[in-house]
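The values are calculated or read from the model by the stated rules, or taken from the named source; none is laboratory data. Bear in mind the structure is a predicted one, so any value in this text is a computation, not a measurement. Cβ placement follows ideal geometry from the backbone for every residue including glycine, while neighbour counts extend to all protein chains displayed. These accessible areas exclude ligands, DNA and RNA; they are computed on the full protein's heavy atoms, side chains included. Shrake-Rupley method; radii C 1.70, N 1.55, O 1.52, S 1.80 Å.
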Amino acid sequence: QVQLVESGGGLVQPGGSLRLSCAASGSIFRTYVMGWYRQAPGKQRDLVATITSGGRKNYSDSVKGRLTISRDNTRNTVYLQMNSLKPEDTAVYYCNAVGGGQFYWGQGTQVTVSS
């Protein structure tokens, strides 16, 4: 069983930055594909970015150049650095882990971009 705990969300003005963190339990974190998804009110949950165990990254078109995913296998943590934030980035952001044929989700952290 893997537990994921997100942190770092909050209220930020347009153009601002936030860094989300997701701490994972389990000794095989380094083998998992980690990802960030987001869900705005009334909308489906969408992919934001993923990173493989080897560090290969994938981003949705809407966040390319503004959001950066990274991982620290020594800390069992995945990060999402968010720059140049826009009001349309407002959503609950969820951490995701995929490994051993299983999917795991965190509880989510709210990000609100508003002036």
Counting only protein heavy atoms and rolling a 1.4 Å probe, one gets per residue an accessible area for the chain in Å² of 53
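At 20 °C and a viscosity of 1.002 mPa s, what translational diffusion coefficient does Stokes-Einstein give for the stretch 1-68, taking Rh as the Kirkwood radius over Cα pairs? Give it in µm²/s as a whole number. The partial results should precede the final answer.
Values: Rh = 13.7 Å.
Value of D from the Cα-based Kirkwood radius: 156 µm²/s.
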In whole percent, the fraction of accessible protein surface over the chain that belongs to carbon or sulfur atoms, probe radius 1.4 Å, stands at 46
Contact order relative to length for the chain, counting C-alpha pairs under 8 Å separated by 6 or more residues, stands in percent at 37
Computed curve, the stretch 63-115, Cα-only Debye sum without solvent term, log₁₀ I(q)/I(0) at 0.17, 0.26, 0.27 Å⁻¹, is -0.67, -1.16, -1.19
Note: ARG30 to SER84 extended length (0.36 nm per residue) minus current alpha-carbon separation gives 16.5 nm
With all protein chains in place and a 1.4 Å probe, ASP89 shows an accessible area in Å² (nearest 10) of 0
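Rounding to the nearest 20 debye, state how big the charge dipole of the chain is about its Cα centre with +1 on each Lys and Arg Cβ and -1 on each Asp and Glu Cβ.
Dipole magnitude for the chain comes out near 220 debye.
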